[in-house]
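The values are calculated or read from the model by the stated rules, or taken from the named source; none is laboratory data. All figures in this text were calculated on a predicted structure; none of them were measured in a lab. A quick note on method: Cβ atoms are made from the backbone with ideal geometry, for glycine too, and the neighbour counts reach across all protein chains shown.
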Amino acid sequence: MTTMRTLILVSLLLAGVSTLPGQVVMPEKGQGPGLRQSVYGLGLFGGPATGIGLSFRHHLPGALSYQITGGIIKVDDKLSSDIGAEVQYDLIRGTPARFYIAGGTGYYYSGKTSNNELSAPWRLGLGIGGEVAVGSGVHALAEVMFTYFTDGTVLPLPQVGFYYYFF
């Protein structure tokens, strides 16, 4: 499991220092997406409730958005994977930042083929989050979700992500 955490950390660092230009038209300085415009984002996300890995996000016109996250890694004969989804509702939304409530679910797998070694692979989460623009089209976010594990455990746990938005 430490190999997976190391891989995720290195991926986040590399994504943050990447200087490759995007093939999109960015809005003029000081302008962001309007509330009546759909916005799509790709990035990296990590959290125990709604997934770890590559993530797709879609802000619908208005205050609702959703994201789908998934990851897979295989070391020797052990496979670790997850898939998750999250829905967000904006409470406060401006050009540089937003504050929202979120809910979602995720399924995690770890073990040899057809034998999940996790005692609580399904998770549900409900919480709050904030997102801020850190560069031209790049946003960072942090969430705190009360996460319910299928073994009955409930914990307040953090989730983080970095996204590049196509305006």
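Tell me whether the range 72-79 contains one or more residues that are modelled with pLDDT of 95 or more and crowded, with 17+ Cβ neighbours inside 10 Å. No, that holds for no residue. Within the range 73-91, residues that are in contact (Cβ under 8 Å) with a residue 12 or more places away in the chain and within 16 Å of Ile52 (Cβ to Cβ) have Cβ atoms under 8 Å from residues that are of a type in the set (S, T, N, Q) and not in a strand (DSSP E or B) in these pairs: Ile73/Thr3; Val75/Thr3; Leu79/Thr113; Gly84/Thr50; Ala85/Thr50; Glu86/Thr50, counting only partners at least 6 apart in sequence or on another chain. None of Tyr165, Tyr108, Tyr148 is modelled with pLDDT under 95, in a strand (DSSP E or B) and within 18 Å of the chain's Cα centre (by Cα) except Tyr165. For the range 122-137, a tally of residues being buried (at least 17 other Cβ atoms within 10 Å of the Cβ) and either at pLDDT 95 or above or in a strand (DSSP E or B) (or both) returns 6.
Taking the condition within 17 Å of Pro48 (Cα to Cα), among the small types (Gly, Ala, Ser) and buried (at least 16 other Cβ atoms within 10 Å of the Cβ), does Gly152 pass? Taking the combined requirement at face value, the residue does not satisfy it.
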